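Visitor: Okay, handing you the structure first.
The values are calculated or read from the model by the stated rules, or taken from the named source; none is laboratory data. Values in this document were obtained by computation on a predicted structure and should not be read as measured data. Here the Cβ positions follow ideal geometry from the backbone for every residue, glycine too, while neighbour counts run over all protein chains shown.
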Amino acid sequence: MSKRPAFGTPLHVGRPNIGDKAAFLARVEDMFDRRWLSNDGPCLQEFEEWMAEFLGVRHFIAVCNGTVGLEIMAKACGLVGEVIMPAFTFVATAHAMQWVGATPVFCDVDPRTHNIDPSLVEHLITDETTGILGVHVWGRPCDVEALEAIARRNGLVLVFDAAHALGCTHGGRMIGNFGVAECFSFHATKFFNTFEGGAITTNDDEVANRCRLMRNFGFDGPDNVVSVGTNGKMSEVSAAMGLTNLESMASFTDTNARNYRAYAAGLDGIPGIELIEYSESDRCNCQYVVIEIDETWSGLSRDELQAQLTADNVLARRYFYPGCHLMKPYASEPLRAQLPETERLASRTLSLPTGTAVDERDIQAVCRLIGDAVNAARG
Ligand SMILES: *Cc1c(COP(=O)(O)O)cnc(C)c1O
């Protein structure tokens with residue numbers, strides 16, 4: 001007979017953070033009374049205004065999900081031909097470019113930051129390159145200044161996938177203000193959710209105008225279609241969830257920071273287990289607690305540790321494995337790059353459960369399980 005799992009009910013990565021349910025339901029009641037369920041309704045307008053103010057950005061354009069947001073952003077910024085991006089990201093970053101007819105060209109990452117390595121970007125630029133798409137992985141900002149300098153020198157458009165980075169700052173400035181435009185995701189598993197949703201942010205009026213048109217079939221007023229577009233609108237019920245979760249966002253962040261500190265204390269000194277760090281000087285939402293497993297010290301591989309945790313109902317997750325460049329739609333590309341750091345990271349990182357569904361006692365128990373697994377493996 002197998003032993004009983006340490007956790008009776010599974011501990012998941014990415015359980016949704018949910019704000020005040022009563023406040024949400026009151027908004028939904030009002031929404032039903034108005035019979036205004038989509039198309040620039042009052043919740044959507046309030047959500048966009050509040051978010052633009054929160055981020056200190058001129059334009060916040062809410063969309064139905066982050067992937068469609070990336071597609072609209074790419075079209076609105078003129079990304080065609082080749083777009084340089086990391087492979088250590090969620091596959092939607094690559095899919096969105098491919099979907100709009102651009103070719104992702106994968107660049108390796110900096111093993112310290114897990115973000116696209118600017119020193120490798122220029123080697124990948126060809127006559128076909130139109131842009132660079134950085135990803136703020138785990139909410140840790142890319143080397144924005146280095147990428148800006150490369151984009152400027154080579155006449156390229158710089159944009160960011162900021163799906164992880166709502167509420168994070170870089171040099172004291174909110175993510176959402178960098179490059180020509182940035183794109184967020186508010187999917188249920190992200191730290192801030194609108195069920196499904198996302199947003200494009202920009203300080204460029206023309207880009208914003210194009211995004212707004214494309215989000216709504218290219219309509220510029222009734223009966224006046226001025227461009228090709230898609231349906232990227234965020235519904236009222238999602239915007240109502242966004243407003244509700246905005247009211248609780250500070251407490252989500254506090255909980256994540258507390259959880260992160262509990263993990264840091266609990267994992268301290270376990271050989272071969274290193275917790276990723278967040279900047280002391282910048283704000284971060286800390287929504288990901290990611291460890292790197294160095295098998296030479298821990299005595300067991302990431303996959304072995306993951307399997308042992310799963311047996312105890314701790315459902316830690318591999319992220320981005322094995323890297324976009326090795327996934328079927330991209331693996332046969334003639335441009336397929338050698339990405340040793342991406343592959344190394346994809347094989348040694350593990351994301352641990354956090355968020356408002358996890359408390360400090362859970363975390364202490366998870367850390368003990370990890371410590372015990374390493375002790376046993378080292379003999
Ligand atoms: C979640 C995510 C997306 C996709 O966002 P959706 O809202 O799920 O479509 C894109 N890029 C990254 C890095 C993500 O984590």
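Visitor: Select from region 198-225 the residues that are on the phi < 0 side of the Ramachandran plot and in a loop (DSSP other than H, G, I, E, B) and list them in ascending order.
Guide: Selection gives 203, 204, 220, 222, 224.
Visitor: Consider residue 331 against the criteria (1) in contact with a His (Cβ under 8 Å, 6 or more places away or on another chain); (2) in contact (Cβ under 8 Å) with a residue 40 or more places away in the chain: it satisfies all of them except one. Which criterion is unmet?
Guide: Unmet for residue 331, out of (1) in contact with a His (Cβ under 8 Å, 6 or more places away or on another chain); (2) in contact (Cβ under 8 Å) with a residue 40 or more places away in the chain: (2).
Visitor: Now for a separate question. Being in contact with a helix residue (DSSP H, G or I) (Cβ under 7 Å, 6 or more places away or on another chain), within 16 Å of the ligand (Cβ to nearest atom) and in contact (Cβ under 8 Å) with a residue 24 or more places away in the chain: is that true of residue 161 here?
Guide: When the stated conditions are applied, residue 161 passes them.
Visitor: Name the single residue, out of those in region 170-188 being in a strand (DSSP E or B) and within 16 Å of the ligand (Cβ to nearest atom), that is farthest from the chain's Cα centre (by Cα).
Guide: Here the residue is 181.
Visitor: Right, next: Count, please, the residues in region 266-296 that happen to be touching a residue at least 60 places away in the same chain (Cβ under 8 Å) and not polar (S, T, N, Q).
Guide: 16
Visitor: Follow-up. Going through 237, 228 one at a time, which residue ends up being of a type outside the set (D, E, K, R), surrounded by fewer than 23 Cβ atoms within 10 Å (Cβ to Cβ), more than 21 Å from the chain's Cα centre (by Cα) and in a helix (DSSP H, G or I)?
Guide: After ruling out the rest, the residue left standing is 237.
Visitor: Would you be able to tell me the number of residues in region 108-128 that are crowded, with 23+ Cβ neighbours inside 10 Å and either more than 16 Å from the ligand (Cβ to nearest atom) or at pLDDT below 95 (or both)?
Guide: Qualifying residue count for the region: 2.
Visitor: Among the residues of region 195-225, write down those that are among the acidic types (Asp, Glu) and surrounded by fewer than 16 Cβ atoms within 10 Å (Cβ to Cβ).
Guide: 205, 206, 220, 223
Visitor: When only residues in region 65-82 that are over 16 Å from the mean Cα position of the chain (by Cα) and within 14 Å of the ligand (Cβ to nearest atom) count, which is nearest to residue 194 (Cα to Cα)?
Guide: Out of the qualifying residues, it is 72.
Visitor: Can you tell me which residues in region 190-221 are within 17 Å of the chain's Cα centre (by Cα) and at pLDDT 95 or above?
Guide: 190, 192, 193, 194, 195, 196, 197, 198, 199, 200, 201, listed by residue number.
The rows are residues; the columns are (1) in a helix (DSSP H, G or I); (2) out of contact with any Asp or Glu (no Cβ under 8 Å at 6 or more places or on another chain); (3) buried (at least 18 other Cβ atoms within 10 Å of the Cβ).
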{"site": "342", "(1), (2), (3)": "yes, no, yes"}
{"site": "346", "(1), (2), (3)": "yes, yes, yes"}
{"site": "351", "(1), (2), (3)": "no, yes, yes"}
{"site": "354", "(1), (2), (3)": "no, yes, yes"}
{"site": "357", "(1), (2), (3)": "no, yes, no"}
{"site": "361", "(1), (2), (3)": "yes, yes, no"}
{"site": "365", "(1), (2), (3)": "yes, yes, no"}
{"site": "371", "(1), (2), (3)": "yes, yes, no"}
{"site": "376", "(1), (2), (3)": "yes, yes, no"}
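Visitor: Select from region 31-64 the residues that are within 16 Å of the ligand (Cβ to nearest atom) and aliphatic (A, V, I, L, M) and write down the one among them that is surrounded by the fewest Cβ atoms within 10 Å (Cβ to Cβ).
Guide: 51
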